[in-house]
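Taking it in order: structure first as structure tokens, then the write-up.
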Amino acid sequence: MPEGLVQIGEVAERLGLSLRTIRHYEEVGLVVPARTQGGFRLYSEEDVQRLALIKRMKPLGFTLEEMRGLLEITDRLAHGDDDPGLIARLQLFERAVAERADKLREQLAMAREFAEQLRRQRLNAPKTTSAC
């Protein structure tokens, strides 16, 4: 195996993603691994980092198109593109992430309140005894 490249199983284990998920991201063009002559996928560290970024975006509800857009920005910046529009687009993603994280925090607070309400109801419920 070429140095610095890893197989899909190692990527899955490192990132906590299923093989199916990684293959899906390949099918939709978010990551394009190298292939051995036998057809086995080989992932570079750059591929692994792309998948890690995708994994972070998924729970925040980003669409595949949005993921593709952010990956394009990060790829271009990593390759030295100094287009000021890229930074502006990246800032839009930063704001979107902050807004979505705030919304998740609100949802988590509501879930905790709900769980506490249920706990109080359980503790305050009349105790019943079963007749034998």
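Calculated mean residue ellipticity at 222 nm for the chain: -22000 deg cm²/dmol, from DSSP H runs with n ≥ 4 weighted as -39500 (n - 2.57), summed, divided by the residue count and rounded to 500.
Both radii were evaluated on the Cα set of the chain; the Rg over Rh quotient, with Rh as the Kirkwood radius, amounts to 1.22. Connecting C-alpha atoms closer than 10 Å in a GNM of the chain, tell me which of Val28, Val97, Val48 has the biggest fluctuation. Judging by the Gaussian network model, the answer is Val28. Maximal additional length on extending the Ala34-Asn124 stretch stands at 26.3 nm, based on 0.36 nm per residue less the C-alpha distance. Between Glu46 and Gln117, the simple label model (points 7 Å from Cα in the Cβ direction) yields a spacing of 5.1 nm.
Read-outs: derived from the displayed coordinates by stated rules, not from any lab. Keep in mind it's a predicted model, so treat the numbers as computed, not measured. Here Cβ is always computed from backbone atoms with ideal geometry, including for glycine, and neighbour counts include all displayed protein chains.
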